[in-house]
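I have placed the structure first, in the form of structure tokens, so that the comments after it can refer back to it.
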Amino acid sequence: MDFSIEELKRMQSMNIMDLKREELISAEEIVIDTERCVESRIQSYMEQTGNPFAQNVGEYILQLGFMEGTNDTIDDRMILLTKRKTQITV
């Protein structure tokens with residue numbers, strides 16, 4: 001499944017309240033073969049999700065986003081989030 005840049009931008013900018021749970025895949029159903037090259041893994045993820053920016057996680061809809069211009073990894077951001085939620089100063 002190939003997405004145009006316009007379609008990806010539209011999906012990325014969707015309001016989470018406009019997403020329909022029945023149209024989103026459950027995170028538990030996504031399978032990524034880590035033995036494949038990065039391009040193949042991305043293609044597989046796109047094909048499985050239909051919307052790479054949103055998925056069902058338990059009883060919630062998870063909307064994904066990406067920050068431009070940062071060198072932080074997802075691990076860095078998760079640590080920062082955890083510190084903020086537990087009120088530990090950075």
Filter region 7-37 for residues that are of a type in the set (G, A, S) and open to solvent by less than 70 Å² (accessible area, probe 1.4 Å) and give the result. S26, A27
First in region 24-37 and within 22 Å of Q12 (Cα to Cα), second anywhere and among the hydroxyl-bearing types (S, T, Y), Cβ under 6 Å, 6 or more apart: I25/T49
Top-ranked residue of region 38-57 - restricted to ones that are hydroxyl-bearing (S, T, Y) and either in contact with a strand residue (DSSP E or B) (Cβ under 7 Å, 6 or more places away or on another chain) or free of Cβ contacts under 8 Å to residues at least 12 places away in the same chain (or both), ranked as surrounded by the fewest Cβ atoms within 10 Å (Cβ to Cβ): S40
Taking into account only those residues within region 58-90 that are outside any loop (DSSP other than H, G, I, E, B) and among the acidic types (D, E), which is surrounded by the fewest Cβ atoms within 10 Å (Cβ to Cβ)? D75
Quick check: anything in region 20-36 over 13 Å from the mean Cα position of the chain (by Cα) and within 18 Å of F3 (Cα to Cα)? yes
Is region 49-57 home to any residue that is in a helix (DSSP H, G or I), out of contact with any Pro (no Cβ under 7 Å at 6 or more places or on another chain), within 15 Å of E23 (Cβ to Cβ) and at pLDDT 85 or above? yes
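The values are calculated or read from the model by the stated rules, or taken from the named source; none is laboratory data. Just so you know, these numbers come straight off a predicted model, no measurement behind them. Please note: Cβ atoms are built from the backbone with ideal geometry, for glycine as well, and neighbour counts cover all protein chains shown. Side chains are part of the model used for accessible areas, which takes the heavy atoms of the whole protein and leaves out ligands, DNA and RNA. Shrake-Rupley method; radii C 1.70, N 1.55, O 1.52, S 1.80 Å.
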